[in-house]
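Notes to accompany the following structure.
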Amino acid sequence: MLTGFFFLTAGLFAQQVDPGLNRLIERLDSVTRFEARIQMEVDISFVTMPAKVAYVVYEKGGPVQITSEDFVMIPKRGLDLTLQELFRYPFMTLNLGVVDLNGKKCEQIKVIPTTDDADYSIATLWLDPGAVQILKSQISTKKNGVFDIRYGYAGPKELLPSEIRVELEVSGIKIPLRFLGKDARIDRDKQKEQPQEKGAIIIELSEYQITRL
């Protein structure tokens, strides 16, 4: 068992950044600006909320800006479409090989930050090597639990996703109504009854305008 640990450690340090992931980073790094319309729904048992509409604007090097007439709660992880937060600090990677994801062959890649400045401890990416698209990510954060994110694309050549499903831990979350909008309802009793529950936020993106290098 100890020998296996040394092999794993050696593999981590021998491979700093996976070549396939490098291709993805270069592709995403070509985006200098994008904006899109967002439609968001929640799948949380104790929350009743109609679909919300917002607009997202991103300028390279800056944070994602979200505007809406009815303020919405959107996890930043879900809208980190260029994965800039994931790659913000130094990291290393470990390619675990080819795995099947819903009938599609993907490379499963671990991303491990090499500094304590990162707000996550480890991330796993499922990369479609042919389309150079991330189909799924699982990010273990230091303070906000684990995010399971699935990405859907309008086509194999699309750079950014058209649909995102973010599954997250909602146990113990105190959600102010102002974060969900005036027509949202939270059943606090039901929230207390299911302390280990997970929920999901479904985001559809359309009307993309993308500027690239």
| remark: Residue pairs within 8 Å by beta carbon, gap of at least six or interchain, first lying in region 77-90 and among the aromatic types (Phe, Trp, Tyr), second modelled with pLDDT of 90 or more and part of a loop (DSSP other than H, G, I, E, B), listed first then second, are TYR89/THR114; TYR89/THR115; TYR89/ASP117; TYR89/ALA118
| Checklist (1) modelled with pLDDT of 85 or more; (2) over 24 Å from ILE109 (Cβ atoms); (3) crowded, with 19+ Cβ neighbours inside 10 Å applied to TYR58, failing item | (2)
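Which one of these is buried (at least 17 other Cβ atoms within 10 Å of the Cβ), modelled with pLDDT of 90 or more and either touching a Cys at 6+ places or on another chain (Cβ under 7 Å) or among the polar types (S, T, N, Q) (or both): LEU86, LEU127? Break it down stepwise before answering.
On the way: LEU86 fails: either touching a Cys at 6+ places or on another chain (Cβ under 7 Å) or among the polar types (S, T, N, Q) (or both).
The match here is LEU127.
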| note | Counted residues in region 107-125 being in contact with a strand residue (DSSP E or B) (Cβ under 9 Å, 6 or more places away or on another chain) and farther than 14 Å from PRO19 by Cα come to 11
| task | Sort out which residues of region 136-162 are of a type in the set (A, V, I, L, M, F, W, C) and either surrounded by 18 or more Cβ atoms within 10 Å (Cβ to Cβ) or assigned to a strand (DSSP E or B) (or both), and write them in order of number. | result | ILE139, VAL146, PHE147, ILE149, LEU159, LEU160
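Do the conditions hold for VAL17, that is, is it modelled with pLDDT under 90, of a type outside the set (Asp, Glu) and either under 27 Å from VAL111 (Cβ atoms) or over 18 Å from the mean Cα position of the chain (by Cα) (or both)? Even if it seems obvious, please write down each step before you answer.
Working: modelled with pLDDT under 90: yes; of a type outside the set (Asp, Glu): yes; either under 27 Å from VAL111 (Cβ atoms) or over 18 Å from the mean Cα position of the chain (by Cα) (or both): yes.
Spelling it out, VAL17 is indeed modelled with pLDDT under 90, of a type outside the set (Asp, Glu) and either under 27 Å from VAL111 (Cβ atoms) or over 18 Å from the mean Cα position of the chain (by Cα) (or both).
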| task | Go through region 63-108 residue by residue and tally those that are within 21 Å of ILE202 (Cβ to Cβ), acidic (Asp, Glu) and in contact with a Leu (Cβ under 8 Å, 6 or more places away or on another chain). | result | 1
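Step by step: first the residues of region 38-78, then only those that are aliphatic (A, V, I, L, M) and part of a loop (DSSP other than H, G, I, E, B), then the one that is nearest to the chain's Cα centre (by Cα). Which residue is that?
ILE74
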| said: Please count how many residues of region 93-135 are over 18 Å from TYR151 (Cα atoms), hydroxyl-bearing (Ser, Thr, Tyr) and either part of a strand (DSSP E or B) or in contact with a Gly (Cβ under 9 Å, 6 or more places away or on another chain) (or both). | reply: 3
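The values are calculated or read from the model by the stated rules, or taken from the named source; none is laboratory data. Source: prediction; values computed, not measured. All Cβ positions, even for glycine, are placed from backbone atoms using ideal geometry, and neighbour counts span all protein chains on display.
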